[in-house]
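Nothing in this text is a laboratory measurement; each read-out follows from the coordinates by a stated rule. Given the structure is predicted, the values throughout are model-derived calculations rather than measurements. Cβ atoms come from the backbone with ideal geometry, glycine included; neighbour counts cover every protein chain shown.
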Amino acid sequence: MTRGYRPADVPNPARWKGHLENLLPKKSKVRRVEHHAALPYAEIGIFMSELRQQEGTAARALEFAIQTVARTGEVIGARWAEIDLSERLWTIPAERMKVGREHRVPVSDVTLAILKQMQGLRQNEFVFPGAKAGCPLSNMAFLMLLRRMGRDDLTAHGFRSTFSDWCSERTNFPAEVREMALAHTVGDKVEAAYRRGDLFEKRRLLMNAWAEYCNSPAPAGTVVPLNTAR
C-alpha cells in the first residue's frame, strides 16, 4: 500500500481479526507446549530431605518455593514488607504476579520456620538476599543449586507440576482450590466474575497437607533412581 501497488481501501486478506480468526484455530490451541521437568510426587520426601542438607540462601529459597508452590520470580523477589508472620500470610502484590492480580499465600509451619531462619539472617528488604548488596538472589540460583545436587533432570518450575499431580491423585481437594494455590486463572470469564473469594482457608488446609506430605518419608516400595553425577 505504501508503494501504491495495493489500494488502501481494499481489506487485507491475511488480517486476523474478523477474518482468519473465523477460519483458523487460536494460536494457544496449536502451539507446542513445553513442559518443565518435574519430580514424581512419590519422591518429594526424599528430595526435600536432601535439599535441607544443602547450605545457603538458594537452598532455603527453593525449599520455600516448593512449599508455597510459588513461581521462581515471586520467591526470589519476595520482600519482608509482603510477609505477615503473625497472620501466617505472604501477600504478593499484583505487579509481581504473572496474572497481574494480588495473590495471598498461606504460610504453613514449615514455611514459617524458613522465614524465621531467614529473618535471623536479614540483610536488606529481600527475604532471600543475593550476593550483591541490596539485591535478591539471581534468577539462576535454583538452576545452579539443582546442578550442584546432581539433579540436572529437574527445574524449579517443575515442582509446581509435582504439587499439581499430588493434589489431583492423592487428595480430595477440588480442582479450583489447587488452581488458586498455583495462582492460575480459574474457569471461564463468567465463572471468574462470580467467584469473588480466593478460597484462602481451603488453600491453607491444602498447603498444610502439602507440607506434611513433603516432610514424610517415601512410601514403601518406592523406587528412587540413583544419580551417578553426584
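Assorted remarks:
- Applying the Kirkwood pairwise sum to the alpha-carbon positions of region 1-155 produces a hydrodynamic radius of 18.9 angstrom.
- Computed over all pairs of different Cα atoms, the Kirkwood value for the hydrodynamic radius of region 90-194 is 16.5 Å.
- Highest to lowest packing among 104-115, 174-185, scored as the average C-beta count within 10 Å: 104-115, 174-185
- Region 93-188 - charge dipole about Cα centre, Lys and Arg +1 at Cβ, Asp and Glu -1, debye rounded to 20: 440
- Residue among 171, 145, 51 farthest towards the positive dipole end of region 41-214, charges placed on Cβ: 145
- Computed from backbone phi, the HN-Hα couplings of region 67-82 come to 5, 9, 6, 8, 6, 4, x, 5, 6, 5, x, 4, 10, 4, 5, 8 Hz, rounded to whole numbers (Karplus: 6.51 cos²θ - 1.76 cosθ + 1.60, θ = phi - 60°; Gly and Pro given as x).
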